[in-house]
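*Asks:* Here it is, the structure, as structure tokens.
The values are calculated or read from the model by the stated rules, or taken from the named source; none is laboratory data. Worth saying up front: this structure is predicted, and the values here are computed from it rather than measured. Note: ideal-geometry Cβ built from the backbone for every residue, glycine included; neighbour counts use all protein chains shown.
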Amino acid sequence: MVEIGTGTGVSGVWLLRGMRADGVLTTIDVEVEHQRIARRIFAEAGFPSGRTRIITGRALDVLPRLADGAYDLVFVDAEATGFQACVEAALRLLRSGGVLALNGALAGGRIGDPAARDVETVTVREAIKAIRESEHWIPALLPVGHGLLAAVKC
Ligand SMILES: C[S@@+](CC[C@H](N)C(=O)[O-])C[C@H]1O[C@@H](n2cnc3c(N)ncnc32)[C@H](O)[C@@H]1O
């Protein structure tokens, strides 16, 4: 799996728990300090270091270095303005049948408000529209938390 936005490792632990026992989480974040905490959280949750590949850097710099069609799931939990580029990268990285999960797909509840034209809301709206209209994805928008868009790669 690939995670964009390691943060302090909360979602990473859940992803690791849901993976097969030899699955590896490749997780990316610009903040080395966040990842230092995440590394400790992964260890405390019982996952050996070989189960995670923690890469420091901007998603758009790191994603091109990852292998095509090699991943089962791409989880995006970073700034919404990068969603579109992450969606394009996910299409390349996922195997057929793999899943893209975008956290924050309701843009704080603003997504359905036509008057909301701020950069974040517009970016999220455009990313979701592109997925919905694409023949490469079968999407579902789940109204949980900040909104989770799950899309299966055809
Ligand atoms: C909402 S937090 C992630 C929380 C994390 N998934 C967790 O459950 O602990 C967003 C993270 O994305 C990182 N981030 C923001 N923009 C990024 C980018 N362009 N590339 C990589 N990481 C980024 C931030 O440093 C921050 O740690």
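*Asks:* Quick check: anything in the stretch 12-19 touching a residue at least 40 places away in the same chain (Cβ under 8 Å) and either assigned by TED's automatic domain parsing to the domain that holds Ile131 or under 28 Å from Ala130 (Cα atoms) (or both)?
*Replies:* yes
*Asks:* Let me ask something else about it. Got a number for residues in the stretch 60-76 being in contact with a helix residue (DSSP H, G or I) (Cβ under 6 Å, 6 or more places away or on another chain) and buried (at least 19 other Cβ atoms within 10 Å of the Cβ)?
*Replies:* Residues flagged as in contact with a helix residue (DSSP H, G or I) (Cβ under 6 Å, 6 or more places away or on another chain) and buried (at least 19 other Cβ atoms within 10 Å of the Cβ) within the stretch 60-76 amount to 4.
*Asks:* Right, here's the next one. Within the stretch 27-47, can one find any residue that is in contact with a helix residue (DSSP H, G or I) (Cβ under 6 Å, 6 or more places away or on another chain) and either more than 14 Å from the ligand (Cβ to nearest atom) or assigned by TED's automatic domain parsing to the domain that holds Ala151 (or both)?
*Replies:* For the stretch 27-47, residues in contact with a helix residue (DSSP H, G or I) (Cβ under 6 Å, 6 or more places away or on another chain) and either more than 14 Å from the ligand (Cβ to nearest atom) or assigned by TED's automatic domain parsing to the domain that holds Ala151 (or both): present.
*Asks:* May I pose another question? For the stretch 135-154, which residues satisfy the criterion of being among the small types (Gly, Ala, Ser) and exposed (fewer than 15 other Cβ atoms within 10 Å of the Cβ)?
*Replies:* Ala140, Gly145
*Asks:* Can you report the number of residues in the stretch 129-153 which are in contact with a Gly (Cβ under 9 Å, 6 or more places away or on another chain) and in a helix (DSSP H, G or I)?
*Replies:* So the count comes out to 0.
*Asks:* Only residues in the stretch 104-118 that are among the basic types (Lys, Arg) count as the first member; pair them with residues that are part of a helix (DSSP H, G or I), Cβ under 6 angstrom, at least 6 apart or cross-chain, and list the lot.
*Replies:* Arg110/Thr121
*Asks:* Would you mind finding the one in Gly46, Gly9 that is farther than 30 Å from Arg132 by Cβ and crowded, with 23+ Cβ neighbours inside 10 Å?
*Replies:* Gly9
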